[in-house]
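The next block holds one structure in the form of structure tokens; read it before the comments.
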Amino acid sequence: MEDHWIFILAVVLLGGAIGGGFYLSHQRTKAIRAIAPQLGFEFLGSGKTFVPAVAWKFALFSQGRSQNVENVVTGRMNGATIYLFDYSYRTGSGKKSNTHRHTVAFIQAENLRLPAFQLTPENFLHKVGHLFGHRDIDFENEPEFSKAYLLKGSDEDRVRQVFDYRVISFYNNQQRVCTEGLGNMVLYYVKRQYPVNQWRKFLAQAREAVDVFRASSHSV
């Protein structure tokens, strides 16, 4: 009989957790739908189809499984088309399963010419990877940036040219942001979900990133 009540309690707790998760997700969507017009954006909905297919070339979207796109908003600013959205994927299995959540800005901008690159905050595993020959583009005269970030790109010379003093200064003033670039596209994201009341700040940061890349890519 005691096992019976334990089972019932477990089911109730699980149901409550699932219900709470759905409620929080609904409230987040409601808040994003409300803030979109304030940003000058349009709320599109949830699902991969609301983001241009060309975006899926970026490395972020090749990680894990069960990739999910939610709360997509879009608009145009300063010659750029911008998509902001929540993105998640899963890794591992069983008790070691993890859900990774991000807030993402995908931007297609006029007058932008970037080599393919990936920029992420550097961590301990990256430093271990260096010992086994994994490449990281470092700048001897920018030790703060080189210590904080892992930068990769197939055309190293071109990547070094684009990451000039303006770009490096911008990233030195950010906290744990990630960026991928390719041609006229930038993927700017953080490895967490931004609170909705900080989406305006996140959008401003993404736009500034594009502006400094525009300036640097046209200087070489």
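The values are calculated or read from the model by the stated rules, or taken from the named source; none is laboratory data. None of the values given here were measured: they were computed from a predicted structure. Methodologically, a virtual Cβ is constructed for each residue, glycine included, from the backbone with ideal geometry; neighbour enumeration extends over all protein chains shown.
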**Hits in segment 39-67 (condition: over 19 Å from Glu180 (Cβ atoms) and either of a type in the set (Val, Ile, Thr) or not in a loop (DSSP other than H, G, I, E, B) (or both))** = Leu39, Glu42, Phe43, Leu44, Gly45, Thr49, Phe50, Arg65, Ser66
**Fill in**
Given (1) surrounded by fewer than 19 Cβ atoms within 10 Å (Cβ to Cβ); (2) without any contact (Cβ under 8 Å) to a residue 40 or more places away in the chain, Asn111 misses just (2)
**Fill in**
Flagged in segment 71-100 as more than 15 Å from Leu39 (Cα to Cα) and touching an Asp or Glu at 6+ places or on another chain (Cβ under 7 Å), in numbering order, are Gly79, Asp86
**Prompt:** Hey, Thr99 hits all of (1) of a type in the set (Val, Ile, Thr); (2) in contact with a helix residue (DSSP H, G or I) (Cβ under 6 Å, 6 or more places away or on another chain); (3) without any contact (Cβ under 8 Å) to a residue 24 or more places away in the chain but one; which does it fall short on?
**Reply:** (2)
**Asked** In this structure, does Pro115 turn out to be under 13 Å from the mean Cα position of the chain (by Cα) and within 22 Å of Val177 (Cα to Cα)?
**Response** no
**Fill in**
In segment 27-45, anything within 20 Å of Ile107 (Cβ to Cβ) and in contact with an Asp or Glu (Cβ under 9 Å, 6 or more places away or on another chain) is listed as Ile32, Ala36, Gly45
**Prompt:** Considering only segment 136-165, how many residues are touching a residue at least 40 places away in the same chain (Cβ under 8 Å) and either out of contact with any helix residue (DSSP H, G or I) (no Cβ under 6 Å at 6 or more places or on another chain) or crowded, with 18+ Cβ neighbours inside 10 Å (or both)?
**Reply:** 6
**Item:** Identity of the residue in segment 195-220, among the small types (Gly, Ala, Ser) and at pLDDT 95 or above, that ends up surrounded by the most Cβ atoms within 10 Å (Cβ to Cβ)
**Value:** Ala206
**Message:** Can you go through Arg160, Arg192, Arg135 and tell me which one is at pLDDT 95 or above and of a type in the set (Lys, Arg)?
**Reply:** Arg160
